[in-house]
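Down below is the structure, laid out as structure tokens.
The values are calculated or read from the model by the stated rules, or taken from the named source; none is laboratory data. The model shown is predicted, which means the values in this text are computed figures rather than measured ones. FYI the Cβ positions are ideal-geometry reconstructions off the backbone, even for glycines, and counts take in every protein chain you see.
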Amino acid sequence: MKHIHKFDNFLNEKLTDKMTPVTDDDIINKLKESDKNHASIISTIFYKKNFDLLSKIINSDVELSQDGLNELLSLACRYGHKDLVEYSIEKGADLQQWKNSSYEATDLLVLAHEYDDILSILVQSGLDPEETIERAEENEYFNNTQYYEIIIDLIYKFNLEDEFYGIIYNYEEHYKPNM
């Protein structure tokens, strides 16, 4: 077994040495050529924190796919990148319900709950917090205490206590940590 492991390491080193490095321009050109889903590329760039490359993509003439814009929007909401939220909305990211994606509007509010400026942008751009929280009731958000707490926080942030009194009451009776 040790010999196989050493061979794998050797092979990986040799392949890496022979491979041509990929430049930012190569990535941008690939994005321009492709009409496929850009979500995985955007996700990889974002998680590698290569914001210089993201900036180059945004300032280039690349037209991101709908999934790519939606992925950029969700990651920007999660990590508090207001400029990327604005860019993705301006370019047509779907705020209401994303087709061909596991995300939906409730996720945007949950992801952005720590960033009031981003919540404001989402609401000003047409995301209805009341409707979105109503949809959260239909999904599994209330099966997870952490999400439940975030939804409660959002209810208070948007002054929707009267509309969602039942959710607040249920949380306080059954889920709220003992103080």
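If you go through the range 147-163 and keep only what is more than 17 Å from L108 (Cβ to Cβ) and more than 21 Å from the chain's Cα centre (by Cα), you end up with Y156, N159, E161, D162, E163. Applying the condition of being assigned to a helix (DSSP H, G or I) and surrounded by 20 or more Cβ atoms within 10 Å (Cβ to Cβ) to the range 55-67 and asking which residue is modelled with the lowest pLDDT yields D67. If the condition is being part of a helix (DSSP H, G or I) and modelled with pLDDT of 85 or more, then the range 13-52 contributes only D52. Against the conditions (1) touching a Pro at 6+ places or on another chain (Cβ under 8 Å); (2) at pLDDT below 90, F158 satisfies every one except (2). E86 meets the conditions (1) closer than 30 Å to I151 by Cβ; (2) touching a helix residue (DSSP H, G or I) at 6+ places or on another chain (Cβ under 8 Å); (3) assigned to a loop (DSSP other than H, G, I, E, B); (4) at pLDDT 80 or above in every case but one. The failed one is (3).
Out of all the residues in the range 95-150, which are at pLDDT 85 or above and charged (D, E, K, R)? Result: E114, D116, D117, D128, E130, E149. For G92, indicate whether it is on the phi > 0 side of the Ramachandran plot and either at pLDDT below 85 or not aliphatic (A, V, I, L, M) (or both). Yes: the conditions hold for G92.
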